[in-house]
Amino acid sequence: MREKTVMAFGAFDILHPGHIHYLKQASRYGRLVVVVARDESIKMLKGRRPLFGERSRLEIVGALKFVHKAVLGNRIKDPEEMYRILLRYRPDFIVLGYDQRIDELELRRSLERYEIKARIKRERPFNSNVFKSSRLRKMI
């Protein structure tokens, strides 16, 4: 029986203990593939450029011992393109961070449309009053 594939997503611009907690929790479900957001996606979604470029963030996330593979996300100009990465890896689990603004109902519908039978899990925060990227960014 093959090991389950797990996908987690994020910008990971300032990697901190909250990210480590999120990814470590996600890895409990199987082989963890982490999708690192592209610079242009972060700019589009958050209205700012990341502090670190996508290649640097990819390398840092990929170096974590519990991450099986780190990959760059697809460009999000075309909504259909966002799902290409899910079609490529066909995860058994998709693990979302507690503060990721993703409509789970819409995600479930899209998964059904693409015949991907992934279970969606949402992780709890890890000391979110301290380890939240937006808070840390303001401190820097």
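Here are some conditions: (1) touching a Lys or Arg at 6+ places or on another chain (Cβ under 7 Å); (2) free of Cβ contacts under 8 Å to residues at least 40 places away in the same chain; (3) closer than 23 Å to residue 123 by Cβ. Residue 82 meets all but one. Which one does it not meet? It is condition (1) that residue 82 fails. Of all residues in segment 38-53, those that are more than 14 Å from residue 14 (Cβ to Cβ) have Cβ atoms under 7 Å from Cβ atoms of residues that are of a type outside the set (Gly, Ala, Ser) and surrounded by 14 or more Cβ atoms within 10 Å (Cβ to Cβ), 6 or more apart or on another chain, in 38/54; 38/72; 39/50; 39/54; 41/76; 44/76. Select from segment 19-37 the residues that are of a type in the set (D, E, K, R) and in contact (Cβ under 8 Å) with a residue 12 or more places away in the chain and write down the one among them that is surrounded by the most Cβ atoms within 10 Å (Cβ to Cβ). The extreme case among them is 31.
Taking the criterion of being surrounded by 18 or more Cβ atoms within 10 Å (Cβ to Cβ) and not aliphatic (A, V, I, L, M), the residues of segment 59-88 that qualify are 73, 74. Among the residues of segment 1-15, those identified as outside any strand (DSSP E or B) and either in contact with a Lys or Arg (Cβ under 6 Å, 6 or more places away or on another chain) or of a type outside the set (A, V, I, L, M, F, W, C) (or both) are 2, 3, 4, 12, 13.
Can you find even one residue in segment 16-33 that is hydrophobic (A, V, I, L, M, F, W, C), at pLDDT 90 or above, assigned to a helix (DSSP H, G or I) and farther than 22 Å from residue 126 by Cβ? No: zero hits. The residue that is nearest to residue 102 (Cα to Cα), among those in segment 38-58 that are of a type in the set (Lys, Arg) and surrounded by 18 or more Cβ atoms within 10 Å (Cβ to Cβ), is 38. Just to be sure, is residue 76 β-branched (Val, Ile, Thr), touching a helix residue (DSSP H, G or I) at 6+ places or on another chain (Cβ under 9 Å) and under 15 Å from residue 7 (Cα atoms)? Criteria not met by residue 76. If only residues of segment 97-115 that are among the basic types (Lys, Arg) and farther than 22 Å from residue 18 by Cβ are counted, the one that is surrounded by the fewest Cβ atoms within 10 Å (Cβ to Cβ) is 113.
The values are calculated or read from the model by the stated rules, or taken from the named source; none is laboratory data. Treat the numbers as computed from the prediction; the structure is a model and nothing was measured. Every residue, glycine as well, gets a Cβ built from its backbone with ideal geometry; the counts of neighbours run over all protein chains shown.
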